[in-house]
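These notes are about the structure you will find just below.
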Amino acid sequence: MSTYLIFGMTYAFACAVQPGPFLAYLIAQALAHGWRRTLPAAFAPLLSDGPVILLTLLVLTQIPVWLAPGLRLAGGCFLLYLAYGAWQSWRKYPQRLTEASSGRQGLLKAVTVNLLNPGPYLGWSLVMGPLLLKGWRETPVHGIALLGSFYGVMVLSLMGIIVLFASARRLGPRVNRVLVGLSALALAAFGGYQLWAGLHALL
């Protein structure tokens, strides 16, 4: 079970600190209105990801078992692609942050953007979905551990970012840049692990 807990926590942290529309919304709201009024927005993924999870799991349960190693290989490549994007964001983070913080979106719009964004669909179809099904088939406890650790760390990480930017405006960008760098390393490590697991299953 520890493998599922560690993967869920690490992947959630990496996703939470990635620059994007939702993170931009949180930063803008935290700077403009403070952490107390912005904190509920950290729970938005719990609202928006439900339909994404149901849709991807419905599709994944229909595919033949022999495709599972191929999905793991695709998931590994996707994680390495995310790691490269995170590394690029780390290199250009001050500019990216300045651009992102200028946009203001309502919570409902942020949830809608997340639903229409291909990122969650790719993440759940190539990474989280196959792992959740694998863990659930072993024992439901593994699947619950993966989901619980992922969304627990996701919400806590988003809350931390909100408080960070609301209370330490000057320190926030520097600390968040470090977090983006750490997420790049985590994504690269798990991408390599997924590729190894996929190749091992094929061979």
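What follows is calculated from the coordinates using simple rules that are stated; it is not laboratory data. Just so it is clear, the model here is predicted, and its values are computed rather than measured.
Okay, here's what the table says:
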| read-out | value |
| --- | --- |
| Potential lengthening between GLN88 and HIS200 on full extension [0.36 nm per residue; Cα-Cα distance subtracted] | 37.3 nm |
| Length released on extending from THR3 to LEU46, taking residue separation times 0.36 nm less the Cα-Cα span | 13.2 nm |
| Gain upon complete extension [LEU156, VAL178; 0.36 nm per residue less C-alpha separation] | 6.2 nm |
| For the stretch 40-57, Karplus couplings with θ = phi - 60° (6.51, -1.76, 1.60), whole Hz, Gly/Pro x | x, 5, 5, 8, 4, x, 5, 7, 8, 7, x, x, 5, 5, 4, 5, 5, 5 |
